[in-house]
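Novice: Below you will find the structure I want to go over with you.
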Amino acid sequence: MGLHVKPILPKFGAECSGLDITRELSPAELKQVTDAMDTYGVCVYRDTGLTDEQHVEFSRNFGYLERVPTREGFKMRLPFRELFDASNLNPEGEITTDEAAISYRKGDRLWHTDSAFMEKRTSYSLLLAHEVPSEGGETWFADTRSAYEDLPEEMKLFLEDKVGINSLWWSRKQAGADIPEEEIDARFKARHPLVHVHRGSGRKALFIAAHTMDIEGMDKQEGRDLIKQLIEHCTQPQYIFSVKWNAGDLVIWDNLCTMHKGGEYDYKSFKRDMRRTTVREGTEPHTMDLDDSFTKLFADSPKVVDIQGARAAGR
Ligand code: OGA
Ligand code: MN
């Protein structure tokens with residue numbers, strides 16, 4: 001049976017069913033999966049039955065998987081470095097009480113795209129729910145292609161050659177972490193055009209995120225006001241929807257034509273165990289052993305900006 005694709009909004013988001021993604025897919029099946037992604041940007045696969053290993057293996061169909069940074073002496077909760085931990089749990093699997101880990105995750109509840117702060121961005125993110133709270137904790141998605149298309153022509157012209165400056169530290173500061181701007185300025189920042197052609201569809205998309213700090217060549221305040229205005233534009237009701245999770249659900253989103261954010265929930269009372277694989281843009285299926293850029297970026301991060309903050313919890 002082929003993939004069944006049911007749109008959520010007319011041009012954005014789809015519930016996908018009818019394909020067993022725990023096993024190896026044929027080239028034709030894989031094309032159905034990527035075609036649905038190119039058209040809808042976000043695809044929801046319910047009750048997949050994926051194990052950690054199958055989650056990683058399925059993800060390799062889409063390119064090189066980034067690996068979680070290694071750090072001497074820290075225990076990993078998850079069994080593979082290809083699994084990023086988006087949970088509120090410590091390495092022992094209990095709800096974390098570590099303020100740095102909690103603060104880090106707050107950044108995920110701002111509209112963002114994954115790895116916008118890296119030179120090589122993330123194309124697909126594949127997030128699998130293992131355990132979810134009984135209420136709240138949905139994830140929101142925004143359509144940055146339709147939002148771009150609906151901008152006034154003069155704004156499109158203005159944005160055409162603009163470049164955004166992106167920093168992970170900036171988004172964590174926006175989420176409340178106490179990081180002086182001088183420290184952010186001293187660290188790596190990634191430059192990405194604010195508008196680009198989305199490869200899979202040929203449609204133009206905005207590329208902005210909570211990580212986008214400044215716009216190159218613009219007055220700082222004017223640039224920041226414009227970034228805020230663009231994020232508000234993209235996240236109007238007609239461009240967004242939320243996914244309510246059950247354990248076993250997998251959502252794939254294409255960061256190059258979407259933004260997303262985690263919804264609020266009572267993170268001190270409920271376990272929310274979410275695991276994510278992260279595909280590097282422009283890489284081929286099953287590419288292995290490229291550089292380890294996340295380890296490099298995070299080598300000297302303060303704990304509040306450690307992507308594996310949760311891993312360090314309690315120690
Ligand atoms: C992520 C992310 C939000 C969520 O994993 O990249 O932003 O709802 N997650 O868990
Ligand atoms: Mn994210």
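Novice: So how many residues does region 90-114 have that are surrounded by fewer than 23 Cβ atoms within 10 Å (Cβ to Cβ) and within 16 Å of ligand 1 (Cβ to nearest atom)? Quick ask: steps written out before the conclusion?
Specialist: Filtering region 90-114 for residues surrounded by fewer than 23 Cβ atoms within 10 Å (Cβ to Cβ) gives 90-95, 97-100, 102-103, 105-106, 108-111.
Those left that are additionally within 16 Å of ligand 1 (Cβ to nearest atom): 95, 102-103, 105-106, 108-111.
Residues in region 90-114 being surrounded by fewer than 23 Cβ atoms within 10 Å (Cβ to Cβ) and within 16 Å of ligand 1 (Cβ to nearest atom): 9 in total.
Novice: Has region 233-254 got any residue that is of a type outside the set (Gly, Ala, Ser) and at pLDDT below 95?
Specialist: Taking region 233-254 first, the residues of a type outside the set (Gly, Ala, Ser) are 233-241, 243-246, 249-254.
Cutting the leftovers down to at pLDDT below 95 gives us none.
Checked region 233-254: no residue is of a type outside the set (Gly, Ala, Ser) and at pLDDT below 95.
Novice: Being without any contact (Cβ under 8 Å) to a residue 12 or more places away in the chain and either over 24 Å from residue 2 (Cβ atoms) or in contact with a Ser or Thr (Cβ under 8 Å, 6 or more places away or on another chain) (or both) narrows it down to one of 53, 99, so name that one. Even if it seems obvious, please write down each step before you answer.
Specialist: Numbers: 53 fails: without any contact (Cβ under 8 Å) to a residue 12 or more places away in the chain.
Criteria check complete, one pass: 99.
Novice: Looking at region 53-89, which of the residues that are β-branched (Val, Ile, Thr) and within 22 Å of residue 253 (Cα to Cα) is surrounded by the fewest Cβ atoms within 10 Å (Cβ to Cβ)? Break it down stepwise before answering.
Specialist: Let us first name the residues in region 53-89 that are β-branched (Val, Ile, Thr), namely 56, 68, 70.
Going one step further and asking which of them are within 22 Å of residue 253 (Cα to Cα), we end up with 56, 68.
Values: 56: 19, 68: 22.
Among those that are β-branched (Val, Ile, Thr) and within 22 Å of residue 253 (Cα to Cα), it is 56.
Novice: Scan region 237-253 and give yes if some residue there is away from ligand 2 (no atom under 14 Å from the Cβ), closer than 15 Å to residue 111 by Cβ and among the acidic types (Asp, Glu), otherwise no.
Specialist: Looking for residues that are away from ligand 2 (no atom under 14 Å from the Cβ), closer than 15 Å to residue 111 by Cβ and among the acidic types (Asp, Glu), one finds none in region 237-253, hence no.
Novice: Just the residues that are more than 11 Å from ligand 1 (Cβ to nearest atom), within 25 Å of residue 283 (Cβ to Cβ) and out of contact with any His (no Cβ under 8 Å at 6 or more places or on another chain), please, taken from region 125-146.
Specialist: The answer is 143, 144.
Novice: Scanning region 203-228 for residues that are under 21 Å from the mean Cα position of the chain (by Cα) and assigned to a helix (DSSP H, G or I), which turns out farthest from residue 155 (Cα to Cα)?
Specialist: Only one residue tops the list, namely 228.
Novice: In region 169-176, is there at least one residue being among the polar types (S, T, N, Q) and away from ligand 2 (no atom under 16 Å from the Cβ)?
Specialist: If we filter region 169-176 for residues that are among the polar types (S, T, N, Q), which is where we start, we get 171, 174.
Narrowing further to those that are away from ligand 2 (no atom under 16 Å from the Cβ): none.
Looking through region 169-176, none of the residues is among the polar types (S, T, N, Q) and away from ligand 2 (no atom under 16 Å from the Cβ).
The values are calculated or read from the model by the stated rules, or taken from the named source; none is laboratory data. Bear in mind the structure is a predicted one, so any value in this text is a computation, not a measurement. Note: ideal-geometry Cβ built from the backbone for every residue, glycine included; neighbour counts use all protein chains shown.
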